[in-house]
1. HN-Hα J couplings of region B:25-39 from phi, Karplus 6.51/-1.76/1.60, θ = phi - 60°, integer Hz, Gly and Pro as x?
2. For region A:31-46, take each phi angle, set θ = phi - 60°, evaluate the Karplus expression 6.51 cos²θ - 1.76 cosθ + 1.60, and give the result in whole Hz per residue in order, putting x for glycine and proline.
3. With a 10 Å Cβ neighbour count serving as the proxy for reagent exposure, in which order, fewest first, do A:Val12, A:Val66 appear?
4. Looking at the protein assembly as shown, send over the antiparallel percent of its DSSP beta bridges, to the nearest 5.
5. To make sure I understand, if each residue's beta carbon is the centre and we count other beta carbons within 10 Å, what order do B:Ser42, A:Ser49 fall in, fewest to most?
6. Starting from the amide H of B:Ala88, placed 1.01 Å from N in the peptide plane, find each other amide H under 5 Å away whose residue is 5 or more places distant or on another chain.
7. In whole angstrom, how far apart do the alpha carbon centroids of region B:58-90 and region A:1-46 sit?
8. What stretch of chain A, leaving out the sites themselves, is the longest with no trypsin sites (Lys or Arg not before Pro) in a DSSP loop having at most 11 other Cβ atoms within 10 Å?
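Here, each number is a calculation from the coordinates, and none is a lab measurement. Fair warning: this is a prediction, and the values are worked out from it, not measured in the lab. Note that we place each Cβ from the backbone using ideal geometry, even for glycine, and neighbour counts take in every protein chain shown.
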Amino acid sequence: DVKVTQSSRYLVKRTGEKVFLECVQDMDHENMFWYRQDPGLGLRLIYFSYDVKMKEKGDIPEGYSVSREKKERFSLILESASTNQTSMYLCASSLFRTGARYNEQFFGPGTRLTVL
Amino acid sequence: AQTVTQSQPEMSVQEAETVTLSCTYDTSESDYYLFWYKQPPSRQMILVIRQEAYKQQNATENRFSVNFQKAAKSFSLKISDSQLGDAAMYFCAYNNNDMRFGAGTRLTVKP
């Protein structure tokens, strides 16, 4: 079974702090994704990566950056956390870089981030 | 951009009964995939069922089946013989190289 793990289930940070959310997948997947999940808005894509050191902006990249130094690890960085970044953050991975339509995404358990 | 709409924020079903969750989407593409994902409380999101747009036959997975109406751009999920473990948030998703999710439907199962 594919396993996607995230470094923390719950995180509380203060406004202005730099925050790192880590995600690791163990199935050699090409693609990795970061979403934020908010009630009534579903999942919104922040960033994704289809290869090591590659990254692409999603729908809501402002205030975030990412890093993918190794294939299995994809980090989300909040450079200066703000209260409006309080949310559930979900990491996901999928296998194929091409033929992407078929790809299901495998999700981590999520990190609930609270910014005070 | 493609949009996915789930018009039912919350649904409720009696145990052992059948419930249908609605999903519509907007696209100009002809080839794509549609998914239903389940997110149980405090647990990971998992894939329930997947449908390719070019297949006319509706997908089924045990108690889960879909009603895919391509012309109407509708993709509903039917859960038969509902169980307590079916209680979760359900997300409809559209994928044509770019996965798009609906806002979700919270399903409650009453014993």
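1. For region B:25-39, the Karplus curve yields 9, 10, 7, 9, 7, 10, 10, 6, 10, 10, 9, 10, 10, 10, 10 Hz.
2. Per residue, the Karplus-derived 3J(HN,Hα) values read 9, 9, 9, 10, 10, 10, 10, 10, x, x, 10, x, 9, 10, 7, 8 Hz.
3. On the way: A:Val12 11, A:Val66 22.
Arranged by neighbour count, lowest to highest, A:Val12, A:Val66 become A:Val12, A:Val66.
4. Values: 69 of 78 bridges.
Approximately 90 percent, going by the DSSP bridge assignments.
5. Details: B:Ser42 9, A:Ser49 20.
Placing the least packed residue first, the sequence is B:Ser42, A:Ser49.
6. Excluding prolines and chain starts, which carry no amide H, the hits are B:Leu107.
7. 27 Å
8. On the way: sites that count: A:Arg9, A:Arg14, A:Lys18, A:Lys53.
After excluding every exposed loop site, the longest remaining stretch is A:54-116.
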